[in-house]
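K.L.:
Here it is: the structure, laid out below.
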Amino acid sequence: MGSPVRVAIVEDDKELRNLLLRRVERAENMRVTASFASGDDFLERLKDLEADVVLMDINMPGRNGIGTVREAKQQRPEVQYLMLTIFENPAYIFEALCAGATGYLLKSTTAEELLDAIRDIHKGGSPMNSTIARLVVNSFQKETQQRINDEQLSDREKQVLDGLASGLQYKEIADKAGISTETVRVHVRRVYSKLQVSGRMEAVRKVYPRGI
């Protein structure tokens with residue numbers, strides 16, 4: 001059967017922390033070696049901690065779970081981190097994975113799914129709820145499609161779009177680019193068509209989601 005999977009828990013909610021502990025302890029060939037109420041407490045004990053998999057909450061007082069994983073991975077890169085959270089937000093997911101997390105589950109996950117995920121991550125997998133996986137796929141598809149759409153724009157069309165994003169009027173864009181106002185209108189129509197948008201603000205938000 002082999003050695004049991006050693007699991008540590010980092011969760012500030014005492015009731016949930018105890019629930020997770022009971023779930024893991026009841027599982028075959030799995031045991032909890034330590035539990036912590038904060039990321040700071042976990043990091044203080046990390047050097048000597050016996051753990052293969054860590055169940056990590058994201059939203060905790062002080063250092064959050066993502067920051068904790070980022071620092072912990074530098075000290076103990078062999079330990080695997082499974083994020084447990086209520087957040088169905090692609091930004092949180094990607095930030096956690098970039099920090100070094102190997103899996104990402106919602107706290108509403110059933111006991112069976114949680115234990116399967118711990119076994120999976122210990123064997124080299126990257127478990128995610130179907131809801132989380134769909135968010136990742138959708139976000140990836142949107143970003144990929146946006147890159148494709150951006151690459152379809154000619155240099156002149158990008159120049160015109162930059163002018164729109166800067167708040168310039170068609171005549172001002174025309175004067176700056178050394179072309180006629182009517183040519184600017186033609187380029188704008190092509191930009192809208194390629195980006196599949198219907199107006200200036202929608203085009204700007206699509207290409208410059210964080211502003212310009």
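Every read-out reported here was derived from the displayed coordinates using simple, explicitly stated rules and does not represent laboratory data. It should be emphasised that the depicted structure is a prediction, and the values quoted were computed from it without experimental measurement. Please note: Cβ atoms are built from the backbone with ideal geometry, for glycine as well, and neighbour counts cover all protein chains shown.
K.L.:
Amide H of MET83 versus every other amide H placed in the peptide plane: which residues, excluding those fewer than 5 positions away on the same chain, fall under 5 Å?
P.N.:
Answer set, sorted by chain and number: MET56, THR102, GLY103, TYR104, LEU105.
K.L.:
Output wanted: per-residue J couplings in Hz (rounded whole) for the stretch 61-66, from phi through Karplus 6.51 cos²θ - 1.76 cosθ + 1.60, θ = phi - 60°, x for Gly and Pro.
P.N.:
Per residue, the Karplus-derived 3J(HN,Hα) values read x, x, 6, 7, x, 5 Hz.
K.L.:
How many angstrom lie between the C-alpha centres of the stretch 54-81 and the stretch 1-17?
P.N.:
Centre-to-centre (Cα) distance: 14 Å.
K.L.:
While we're looking at this one, here's another question. Which lysines have a Cα less than 27 Å from the Cα of LYS194, not counting those fewer than 8 places away in the same chain?
P.N.:
LYS142, LYS158, LYS171, LYS176, LYS206
K.L.:
Determine, for MET56, MET128, the number of other Cβ atoms within 10 Å of each Cβ, and report the residues in order from fewest to most.
P.N.:
MET128, MET56
K.L.:
Once amide H atoms are placed 1.01 Å from N in the peptide plane, what residues at a sequence separation of 5 or more from MET30, or on another chain, have their amide H within under 5 Å of its amide H?
P.N.:
Residues meeting the amide H criterion: VAL5.
K.L.:
How large is ³J(HN,Hα) for each residue in the stretch 183-191, as worked out from phi by the Karplus curve 6.51 cos²θ - 1.76 cosθ + 1.60 (θ = phi - 60°), to whole Hz, x for Gly and Pro?
P.N.:
These are the phi-based 3J(HN,Hα) values: 5, 4, 4, 4, 5, 4, 4, 5, 4 Hz.
K.L.:
How large are Rg and Dmax for the stretch 5-135 when only the alpha carbon atoms are used, in Å?
P.N.:
Cα only, the stretch 5-135: 13.0, 37 Å (Rg, Dmax).
K.L.:
Here is a follow-up. Just subtract the alpha-carbon distance of ARG26 and ARG156 from 0.36 nm times their residue separation and send over the number in nm, one decimal.
P.N.:
Fully extending the segment from ARG26 to ARG156 adds 40.3 nm.
K.L.:
Can you give me the distance in nm between label points at THR181 and ASP13, each placed 7 Å from the Cα along the Cα-to-Cβ direction?
P.N.:
Output for this residue pair reads 6.0 nm.
K.L.:
May I pose another question? Working out 0.36 nm times the residue gap between ASP40 and LYS123, then minus their Cα-Cα distance, what length gain in nm do you get to one decimal?
P.N.:
27.1 nm
K.L.:
Cα to Cα, under 20 Å, and not fewer than 8 places away if on the same chain: which lysines meet these conditions relative to LYS107?
P.N.:
LYS14
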